[in-house]
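Enquirer: Please read through the structure below; I'll follow up with questions.
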Amino acid sequence: MSTDTFSNPDMPGYVGFANLPNQIHRKSVKRGFEFTLMVVGESGLGKSTLINTLFLTDLYPDRIEERGVKVRLTVVDTPGYGDAIDNTDCFQSIIQYINDQFERYLQDESGLNRRHIVDNRVHCCFYFINPAGHGLKPLDIQFMKQLHNKVNIVPVLAKADTLTKQEVAKLKRKVLDEIEENGIHIYPLPDCDTDEEEDYKEQVKQLKEAVPFAVVGSTTVLDVGGKKVRGRQYPWGVIEVENPSHCDFIKLRCLLGTHMQDLTEVTQDVHYENYRSERLAKGGAAPPMSSSSSTTNTLAANNAQPNGNGVSSSSKLINSSSSIGPEKDRMAIELEEKEAQIRKMQEMMARMQAQLQDKK
């Protein structure tokens, strides 16, 4: 018998409930996190450059890891959005893609194996606004009104280095006024609890005041006064990407870093539940899956390529194709899969019974 003494990690008189957050933390870090970011905007607004700058990497590595915490990041690009002469229905493929991810998650959640569900739902959408547009265009308004109940929209003023500080402030007020006039719901940063630290309260206050975020993206490293910075070189000086007096880039990155979990929870508790309740209320067959959702990739391809319907994403970990077919065929396939699982379980039970009989 072992004579080693057992040391109680907790103080005497404590049951140990205080260790629950640590247990959840360890499991979460071991499992990793999943996050899907969609970038929408006209061509030439620097969407890919900003994403490269945000995550300190070129698009697209397999996973992003920081201090032992792994995030499986999926970036969904929308090439060709708003570039046609007639843009009446240019966002329909984007809506279809978001609905397809909700439907796929609903089907996986209703299946037999629910332990390893891959979450490809879109948790956040950076909507890039053209700085030369003097406010929101009709297409911007129409797009956000169609999607604000399906995804967390974060408005971004692209290429802020083309505007003066006064022009940026004026354009921000104009955009916010038009968003309010049209009843558009953008992602609301949650209010701080009264017991939060003052530094965090001030940080959230500044983030709220920065919406929409005026950003500049660049992966070029420059030498400014003997200091290495990422920025853009101009004849009159350097725009430093991570200088808060030059642009809101670090505030946008802070939003992702400090509110990524909240973005995921709002997607689960609000947007997905709305979709799920509508689907269950209809009680009918699942809507057909669009081919626009056929390429879901997790930060892996060198360049995100359009698939012909205005939606593409980048990944190595996943490369799944969704086929459009009759509902009967889909149900028949699911039935065959379930029957195969049942047969497998029956065979396993038979082997276990045979082993028990052999022992007797």
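The values are calculated or read from the model by the stated rules, or taken from the named source; none is laboratory data. The model shown is predicted, which means the values in this text are computed figures rather than measured ones. Counting neighbours? That spans all protein chains shown, and the Cβs are built from the backbone with ideal geometry, glycine included. For accessibility, only protein heavy atoms count, side chains too; no ligands or nucleic acids. Shrake-Rupley method; radii C 1.70, N 1.55, O 1.52, S 1.80 Å.
Enquirer: Picking from ASP140, ASP119, ASP161, which residue would you name as being crowded, with 22+ Cβ neighbours inside 10 Å, touching a Phe, Trp or Tyr at 6+ places or on another chain (Cβ under 9 Å) and among the acidic types (Asp, Glu)?
Expert: ASP140
Enquirer: Moving to a separate point now. Name the pairs: first residue in the stretch 175-202 and free of Cβ contacts under 8 Å to residues at least 60 places away in the same chain, second residue surrounded by 14 or more Cβ atoms within 10 Å (Cβ to Cβ) and among the acidic types (Asp, Glu), Cβ to Cβ under 9 Å, at least 6 apart or on different chains?
Expert: From residues that are free of Cβ contacts under 8 Å to residues at least 60 places away in the same chain, the pairs are VAL175/ASP140; GLU178/ASP140; ILE184/GLU178.
Enquirer: Now a separate question. Kindly provide the set of residues from the stretch 186-198 that are loosely packed, with under 15 Cβ neighbours inside 10 Å and assigned to a loop (DSSP other than H, G, I, E, B), ordered by number.
Expert: Correct list: PRO188, PRO190, ASP191, ASP193, THR194, ASP195, GLU196, GLU197.
Enquirer: From the list LYS208, LYS172, LYS201, which residue is open to solvent by less than 70 Å² (accessible area, probe 1.4 Å), of a type in the set (Lys, Arg) and modelled with pLDDT of 90 or more?
Expert: After ruling out the rest, the residue left standing is LYS172.
Enquirer: Just for the stretch 211-249: of the residues that are among the aromatic types (Phe, Trp, Tyr) and under 25 Å from the mean Cα position of the chain (by Cα), which one is surrounded by the fewest Cβ atoms within 10 Å (Cβ to Cβ)?
Expert: Filtering first and then ranking leaves PHE213.
Enquirer: Another one. Have a look at VAL266, VAL216 and point out the one that is at pLDDT 90 or above, in a helix (DSSP H, G or I), among the aliphatic types (A, V, I, L, M) and at negative phi.
Expert: Answer to the selection: VAL266.
Enquirer: Another question about this same structure. Within the stretch 45-79, can you find the residues that are modelled with pLDDT of 80 or more and part of a loop (DSSP other than H, G, I, E, B)?
Expert: LEU45, GLY46, THR78, PRO79
Enquirer: Turning to a different aspect of this structure: Of all residues in the stretch 143-158, which are assigned to a helix (DSSP H, G or I), more than 15 Å from the chain's Cα centre (by Cα) and crowded, with 19+ Cβ neighbours inside 10 Å?
Expert: Across the stretch 143-158, the qualifying residues are PHE143, MET144.
Enquirer: From LEU207, LEU163, which residue is in contact (Cβ under 8 Å) with a residue 24 or more places away in the chain, within 16 Å of PHE249 (Cβ to Cβ) and touching a Pro at 6+ places or on another chain (Cβ under 7 Å)?
Expert: Selected residue: LEU163, the only one of LEU207, LEU163 that is in contact (Cβ under 8 Å) with a residue 24 or more places away in the chain, within 16 Å of PHE249 (Cβ to Cβ) and touching a Pro at 6+ places or on another chain (Cβ under 7 Å).
Enquirer: Which residues, taken from the stretch 89-128, are among the hydrophobic types (A, V, I, L, M, F, W, C), assigned to a loop (DSSP other than H, G, I, E, B) and under 23 Å from SER48 (Cβ atoms)?
Expert: Matches in the stretch 89-128: CYS90, PHE91, VAL122.
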